[in-house]
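Below is one structure, written out as structure tokens, with a few remarks after it.
The values are calculated or read from the model by the stated rules, or taken from the named source; none is laboratory data. Only a predicted model underlies this, so the values are computations on that prediction, with no experimental measurement involved. Glycine also receives a Cβ, built like all others from the backbone with ideal geometry; neighbour counts cover every protein chain displayed. Surface accessibility is based on the protein's heavy atoms, side chains included, excluding ligands, DNA and RNA. Shrake-Rupley method; radii C 1.70, N 1.55, O 1.52, S 1.80 Å.
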Amino acid sequence: MALAHDTTRGVLFQHLGIDASLASLDLARGTSGVALEHQFAVDQMVGQLAWAVQVEPEQIESTFLDIDGAVLLPRRLRQYGCARCWQEAIRDGRPRIIRKEWILRMSWRCRLHDLPLSKLPVPDGAPDDQYLLTWLSGALVGAESLRWGLDYRGAMIERNEVCLDMLIRHSRRRLKGRKQDYLDRFRANAFHFARDRIAMLALAHSHAGRGVWGFERLLALGLAERPGRNLESLKAPKPTKRLTACWRVGQGRAPHRAFEAELLDVLLAYAHLRERRDGETLARARFGHFRTFGSQDASAVAM
């Protein structure tokens, strides 16, 4: 609503008589995601928004996710959507939306179109349709390029769908076997720290996904605590140059061979991403014949 009226959420809240302090809060989880002193104001916000768009309050409440906040992407990174969904929305004159499942950390593909999600553009102000159509043409090629050649593991895709449905239904029950293992592994993954989160998750669900977990292990490695300068440490024998090098990269007292094993996984993950990046030009050429909804189609619809 704020983008449609070329304004900010704070100004929109003031106009609708909603507590403007809520504009700075993460409201994706509704009352369960805010402090006790803000819960009444959130309930009032639901009523005011329902009145403004002429729907029932329950419809506004259905957009919230009553789940653990750890499974959500950080608020500033909730910028992923399906380029095909947005293309069809523009064509049919429908609102362009971000589905609530797309802000979950384990969500990386549109289940309607079987396409990897794209990171949406965030221009200043409300983007016009011509700007979005230009972006969508490139985003669709990029999504098709990533999807092309990836051999997904059917069991992994099925577990992803089961876990997404469970979270959307606000269920907190435990799953059985590998489905629960999948949930524990992916619901709080840190792939959003990578340069291309969607590519990392797509690879993790394919037969070439073993190496990407080296990235997670790299983030989990902590730097060794710097030894204190006390009398005992001064009397201790000086470490060899090789041990000093190990300490500088954060291994501390870990065996040198253990670090080499972790490093190999990280290098494998890097190699997978470089291979994908180097093949982008070829993939664009191969998918150049895909029909996209461009400016000419937009003119035809406008007429």
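Annotations
- Amide H contacts of Ser206: Arg153, each under 5 Å away and 5 or more positions distant or on a separate chain (H built 1.01 Å from N in the peptide plane; Pro and chain starts excluded).
- The stretch 94-168: C-alpha gyration tensor shape, a/c 1.5 cut-off, then a/b vs b/c: oblate
- Taking all protein chains together and rolling a 1.4 Å probe, His170 ends up with roughly 80 Å² accessible.
- Relative contact order, percent, the stretch 10-64 [alpha-carbon distance under 8 Å, six or more residues apart]: 31
- Placing unit charges on each Cβ (+1 for Lys and Arg, -1 for Asp and Glu) gives the stretch 10-64 a dipole about its Cα centre, and among Val53, Val34, Ser21 the Cα reaching farthest toward its positive end belongs to Ser21.
- Förster-model FRET efficiency, 51 Å R0, Lys119 and Leu16, C-beta, rounded to 0.05: 0.95
- Each residue of the stretch 10-64 gets 68 Å³ once the volume of the Cα convex hull is shared out per residue.
- Per-residue Karplus couplings for the stretch 64-77, computed as 6.51 cos²θ - 1.76 cosθ + 1.60 with θ equal to phi - 60°, are listed in order as 7, 10, 8, 9, 5, x, 5, 8, 8, 5, x, 3, 6, 10 Hz, Gly and Pro entered as x.
- Cα gyration tensor of the stretch 32-149 - equivalent ellipsoid semi-axes, whole Å, descending: 29, 18, 13
- For Arg109, residues with placed amide H under 5 Å, excluding near neighbours: Leu117
- Protein heavy-atom surface of the stretch 10-64, 1.4 angstrom probe: 54% of the accessible area is carbon and sulfur, with nucleic acids and ligands not counted.
- Stretch gain in nm, segment Leu219-Gln130, where the contour uses 0.36 nm per residue and the Cα spacing is subtracted: 28.0 nm
- Accessible surface, 1.4 Å probe, highest first, among residues Trp86, Trp148, Trp108, Trp135: Trp148, Trp135, Trp86, Trp108
- Taking other residues whose beta carbon is less than 9 angstrom from the beta carbon of Ile168, and scoring Lys, Arg as +1 and Asp, Glu as -1, yields 0.
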